[in-house]
Amino acid sequence: MNLRWKNSHVGLIAGLCVLFAGVGCGQTQRGETVHQVGPTGYDLANPEVFEMNGVLEEISGITLFQGNPDTLFAQQDEAGKLFFFALGDKKPQQIRFGNDGDYEDIAISGEDVIVLRSDGSLYRFPIKERHGKRIESVTTWKKPFPKGEYESLAARADDSQLYILCKACEIDRKQASTTGYRFRLAEDGTLSESVSFSVSHAQIEHYVSLDGKPFQPSSMAWNPHTGEWYVISSINKMLVVLDEKWQVTGAYPLDPKRYIQPEGLAFDNNRALYIASERGKKGKWAAVFKFPFEK
C-alpha cells in the first residue's frame, strides 16, 4: 500500500466565470481577471491534493474527530474496515468492524463512529477501540429507513443528532426533491426521533442546471463555522450549500477531470474543507482535496 502525497495548485482557464454558474469574476488593479470558484472562502479550482492509492482507491467517506485535522478517518465502499491516517502518510492504519459490503459514508458523533451502508443500514462503535486487533463493540441498525439507496451521513456536534440523505429512494421518484432524515440512535438499538426533510431540485437549478437529472447526493457535512450544510454529488458533479432550514443558498459545478468520483466531505477546526474522490473507472488515482479557508 502506498499513500503518496501530491500538492498542486491548478489555474483556471480564461472565461470560466461566464461558462458556469456560481463563479464570480473581478478585476485587480493591474487589470488581471480574478476567478473565485465555490462557497465564500473556498476556491474549488485550487486545492491541495493528497493522492490515495492501494486500499483507499475506493475511499467513499471521510470525517474528523472533534474537528482535529491531525487524523483523517475514512472508509471505502468494499471493506468493513475503519481507516485512519494523517494526510501525507505512506500507509494508513486500519481495523475491521464488519464484513465486506457497500459502505458509503462515515461520521463521528460524540465518542462513536457511525458508518452508513448503501441500503441505509448503520454501524456504530466506540472510536477508542480503533487501536485493537478488531472492533468488537458494534451495534447495527438493519435498513431502518424507507427502501432506497443512501450515500450521505453527517453529524452535528451541537445537537447529538445524525442526518442522512437519499441518493435514490422510492419516495422521491415522483417528486422534484431529495428526502433526508434527522434522527438519534438509541442505546437499546432503536431509531428515535426520526424527522424527514427535503432538498428542492428547483432551488438547486436556480444556480446550476441538473440537465434533466435528479439530484443524487454522495456525501454531506455540517459546517460548524457557518451552520450551513454542504452536500456533494458525484453523479451531478456539483457541490450544494444549504442553510439550517435546508434551503439552497448556492450550487457550484465540479470539474469532472479533477473530481472523478467525489464521495466524501469534512471540515476541520481551522475551517478547511476536505473533499475525497474515488479513483473511479477513468481516474489515474483517488485523492483527498484540501481547501484552506481564505478570509
### GluC sites (Glu not before Pro) lying in DSSP loop within the stretch 46-121, provided at most 11 other Cβ fall within 10 Å
111
## Note on the structure
Over all pairs of different Cα atoms in the stretch 198-295, the reciprocal of the mean inverse distance gives a Kirkwood radius in Å of 13.8 Å
### Task
For residue 96, put the label point 7 Å out on the Cα→Cβ axis and report which residues of the stretch 62-84 keep their amide N under 19 Å from it.
74-84
#### Entry: Simple spin-label estimate for residue 133 and residue 186 in nanometres, 7 Å along Cα-Cβ
3.6 nm
### Query
Taking the mean number of other Cβ atoms within 10 Å as a proxy for protection, how do you rank 148-154, 283-289 from highest to lowest?
148-154, 283-289
### Query
Suppose every K and R has +1 on its Cβ and every D and E has -1 on its Cβ; what is the size of the dipole of the chain about the Cα centre, in Debye to the nearest 20?
620 debye
### Message
I'd like the distance between the alpha-carbon centres of the stretch 178-225 and the stretch 55-127, rounded to an integer number of Å.
### Response
20 Å
### Summary
Fewest to most Cβ atoms within 10 Å: 229, 246, 222 sort as 246, 222, 229
## Note on the structure
Extension length gain for residue 159 and residue 173 (0.36 nm per residue less Cα distance), in nm, is 2.0 nm
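If we sort 164-170, 128-134 on the protection proxy, mean other Cβ atoms within 10 Å, highest first, what's the order?
Top to bottom by mean Cβ count within 10 Å: 164-170, 128-134.
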### Message
Could you work out [θ]222 nm for the chain from helices alone, using -39500 (n - 2.57) per DSSP H run of at least four and dividing by all its residues? Round to the nearest 500 deg cm²/dmol.
### Response
-500 deg cm²/dmol
### Query
Over all distinct alpha-carbon pairs, what is the Kirkwood Rh of the stretch 109-216 in angstrom?
15.2 Å
### Task
Only Cα pairs under 8 Å and at least 6 apart count here; give the relative contact order of the stretch 126-262 as a rounded whole percent.
17 percent
### Query
Over the alpha carbons of the chain, what is the largest minus smallest coordinate on each principal axis, giving the biggest first in Å?
62, 46, 36
### Förster-model FRET efficiency, 35 Å R0, residue 294 and residue 247, C-beta, rounded to 0.05
0.90
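Readers should treat all values here as calculations from the given coordinates under stated rules, not as data from a laboratory. These numbers come from a predicted model, not from an experiment. Neighbour counts run over all protein chains shown; Cβ positions are idealised from the backbone, glycine included.
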